[in-house]
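The values are calculated or read from the model by the stated rules, or taken from the named source; none is laboratory data. Values in this document were obtained by computation on a predicted structure and should not be read as measured data. We place every Cβ from the backbone using ideal geometry, glycine too, and count neighbours over all the protein chains shown. For the accessible areas, the whole protein counts, side chains as well, though only heavy atoms, and no ligand, DNA or RNA atoms are used. Shrake-Rupley method; radii C 1.70, N 1.55, O 1.52, S 1.80 Å.
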Amino acid sequence: MNAPTKRRQVCHMLKKQNADVLLLQETHFRSDRALRLGHMVYNQWFHSTTPDSASIGVSIALHKGLPLEVHSTHVDSEGRYIFITEVIYSELYTFGSVYVPNSTQAPWIKKMLNEFQSFAEGISVLGGELNVALFPDVDTSLARSSVSQKALKCITDNLAKLGLVDGWRSMHPSTKDYTYYSPAHASYQRLDYVFVSASLLPYCRDASIGPLTILDHAPTFIKFLLKNTPK
């Protein structure tokens with residue numbers, strides 16, 4: 001989103017989706033450019049960027065029609081994750097956007113989840129690009145992974161300790177669908193996840209994976225009814 005043309009394309013795509021909360025990864029914003037970002041539909045933006053660089057970067061954007069009050073933020077200095085807490089209809093939520101490195105995923109995720117656990121309050125929604133398919137049998141077209149089973153179990157165990165559940169998989173227990181195509185390996189993988197607190201599952205109404213368009217990853221959508229929502 002550093003390039004003006006790409007930024008306009010992405011903002012147009014986001015407006016069409018009409019989501020209430022956007023969890024974005026690999027935004028590639030420079031710190032000064034991100035702070036100047038404005039958008040008619042998404043009027044609150046929160047960024048984690050790398051100083052003096054347009055690499056990596058994650059963001060969270062909030063729809064102007066969502067009645068909320070942001071309480072606090074926690075930003076990674078390396079531009080790989082950002083967490084915010086907010087109140088929506090008197091209920092406290094914590095949202096996180098995460099971009100995991102493409103190596104040593106298990107120890108990195110464990111450390112990040114410890115940070116998330118220390119910060120999070122209320123109901124949690126944590127989404128992002130894990131750069132690893134958690135269950136190769138159903139999350140990859142080749143049914144295999146370069147990451148060891150021990151490392152994968154470490155990741156899933158740490159998510160379970162926090163009571164975080166794969167929102168899309170909970171609604172599609174045996175479906176094979178993917179968010180990324182690797183030309184180098186001629187394979188499809190589901191690398192992008194949205195994890196939610198287990199207490200939120202009864203309120204989930206839909207989960208889907210969108211098409212690949214101008215991005216190299218397909219978007220993942222989770223729709224749920226907010227608790228305490230007025231009629």
If segment 162-231 were replaced by its equivalent ellipsoid, with semi-axes equal to the square roots of 5 times the Cα gyration tensor eigenvalues, what would those be, largest first, whole Å? 27, 13, 9
Given the options Arg190, Arg169, Arg144, which has the most mean-square fluctuation in a GNM of the chain, springs set between C-alpha atoms less than 10 angstrom apart? Arg144
Which residue, chosen from Ala207, Phe195, Leu225, occupies the Cα position most advanced towards the positive end of the dipole of segment 170-228, where the dipole is computed from +1 (Lys, Arg) and -1 (Asp, Glu) charges on Cβ about the Cα centre? Leu225
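Kindly report the accessible area of the chain per residue (heavy atoms of protein chains, probe 1.4 Å, no ligands, DNA or RNA), in Å². Walk me through the numbers on the way to the answer.
Numbers: 11720 Å² over 231 residues.
With all protein chains present, the chain gives 51 Å² per residue.
About its Cα centre, how strong a charge dipole does the chain have in debye, to the nearest 20, once Lys and Arg get +1 and Asp and Glu get -1 at the Cβ? Don't skip to the answer; put the middle values down first.
Values: 23 positive and 20 negative charges, 84 e Å.
That gives a dipole near 400 debye.
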Any chance you could get the radius of gyration and Dmax over the Cα atoms of segment 68-174, in Å? 14.7, 45
Charge tally for neighbours of Arg169 with beta carbon under 14 Å away, counting Lys, Arg as +1 and Asp, Glu as -1, is -4
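Just to verify a number: FRET efficiency for Lys176 and Glu69, C-beta to C-beta distance, R0 = 41 Å, to 0.05? Don't skip to the end; give the middle numbers.
Details: r = 40 Å, r/R0 = 0.98.
Efficiency for this residue pair is about 0.55.
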Would you work out which of His185, Tyr99, Ile109 lies farthest towards the positive end of the dipole of the chain, given +1 charges on the beta-carbon of Lys and Arg and -1 on that of Asp and Glu, about the Cα centre? His185
Apportionment of accessible area to carbon and sulfur, the chain, percent (1.4 Å): 52
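Remind me, relative contact order of the chain in percent, using alpha carbon pairs under 8 angstrom and six or more residues apart? Write down the numbers at each step before the final one.
Numbers: 467 pairs, mean separation 32.2, N = 231.
Computed value for the chain: 14 percent relative contact order.
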Quickly estimate the mean residue ellipticity at 222 nm for the chain, helices only: each DSSP H run with n ≥ 4 gives -39500 (n - 2.57), and the total goes over all residues, rounded to 500. -7000 deg cm²/dmol
Pick from Tyr193, Tyr181, Tyr99 the residue whose mean-square fluctuation is largest in a GNM of the chain, springs joining Cα atoms under 10 Å. Tyr181
Please list 55-64, 152-161 highest first by mean number of surrounding beta-carbon atoms within 10 Å per residue. 55-64, 152-161
Would you check the chain for Lys pairs whose C-alpha atoms are within less than 16 Å, ignoring same-chain pairs closer than 8 in sequence, and give me the count? 11
